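Reviewing the structure listed below.
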Amino acid sequence: MTDIWELYKNGSWEVPFLTFCIYIFVCASFVLYLLIVASRNTKIKRERLRIEYDKEINQLMTSVIFEDISFSDIKQNKNFLVLLDTSFFREVLTESIINLHKNYEGVYAQKLEQFYKDSNLIKGSFKKLKSLKWEVKCKGITELAEFNITSAFDTIITYSKARNKTLKITAINACIKLAGTNSIVYLVEHSDPIDEWTQLNIIDAFKRHDIGDTEGVELLLESKNTTVIALGLKLIKELKLTQKIPFVAQLEAKAPNLNIKYEAQSILQTLTV
């Protein structure tokens, strides 16, 4: 310990130490520069590839949608099969058919859904659900819901209790799209509090997906979770479900707390007027 103190007092360590720090700083700066250049080059390359892929995908999807070309015919194109084995091409292809699916209905939408299954893009979406990253999970959930893969419902519903709010909302919205009011059964049993933001997103999902059959919405009013009851009241109010007035009246008579009671009374006044 004395030797170290003497070395410190003499100051002979300063020059080697500063020289070492300068070398470390220069090396770290050079490595960082190389990483930035590599990242930039990768992005430029991906954008160039995306443009090339988009052209080929647009031609392919036009044939699938309007010319009734089956996937077995497409597989004759060896170049397409090679590209399909690359992750980035599958990513661009999935994004493209999702955008098309949002703009088409009926037979055209069904063709895109069939292509999604035949090309095994569906496997990639299921694989994303197993990712440790919540944003990747969200992407997989969104893809499966967009193509109406009802078999994914049981897996997706498990994420409705996720800690991450975005993942939770994405899962609930997807389940509403896939199962409509049948998903309400799971909301009734939801034990965690559903905050205002999540409630607004759920209501928006019901509006956006145009759920015609509202049978079962009243079950939310029977939940032991007061935030779920509040959600049910908001749904009845926003969707103007006058046929649910008797259930709201029953809740008003035996409300679990004053906030729920006042909300029920407000809705009764609004809907009866």
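Is it true that E222 is among the acidic types (D, E), modelled with pLDDT of 85 or more and either out of contact with any Ser or Thr (no Cβ under 6 Å at 6 or more places or on another chain) or more than 30 Å from V136 (Cα to Cα) (or both)? Spelling it out, E222 is indeed among the acidic types (D, E), modelled with pLDDT of 85 or more and either out of contact with any Ser or Thr (no Cβ under 6 Å at 6 or more places or on another chain) or more than 30 Å from V136 (Cα to Cα) (or both). Counting only helices (runs of 4 or more DSSP H) that sit wholly inside the stretch 129-216, those with at least 2 residues that are crowded, with 21+ Cβ neighbours inside 10 Å and of a type in the set (G, A, S) are 134-146, 165-179. Cβ-Cβ distances below 8 Å connect the following pairs, each with a first residue in the stretch 245-273 that is under 11 Å from A230 (Cβ atoms), a second residue that is among the small types (G, A, S) and part of a loop (DSSP other than H, G, I, E, B), and a separation of six or more residues or different chains: A264/A255. Beta carbons closer than 8 Å, at least 6 apart along the sequence or on distinct chains, never pair a first residue in the stretch 156-185 that is touching a residue at least 40 places away in the same chain (Cβ under 8 Å) with a second that is assigned to a helix (DSSP H, G or I) and surrounded by fewer than 22 Cβ atoms within 10 Å (Cβ to Cβ). Collect the residues in the stretch 126-161 that are among the hydrophobic types (A, V, I, L, M, F, W, C) and within 13 Å of the chain's Cα centre (by Cα), keeping them in residue-number order. F126, L129, W134, V136, C138, I141, L144, A145, I156, I157 - these are the residues of the stretch 126-161 that are among the hydrophobic types (A, V, I, L, M, F, W, C) and within 13 Å of the chain's Cα centre (by Cα). Of the residues making up the stretch 101-114, not a single one is surrounded by 15 or more Cβ atoms within 10 Å (Cβ to Cβ), touching a Gly at 6+ places or on another chain (Cβ under 8 Å) and among the aliphatic types (A, V, I, L, M).
The values are calculated or read from the model by the stated rules, or taken from the named source; none is laboratory data. Quick caveat, the model's predicted, so the values are computed rather than measured. Glycine gets a Cβ as well: all are built from the backbone with ideal geometry, and neighbour counts include every protein chain shown.
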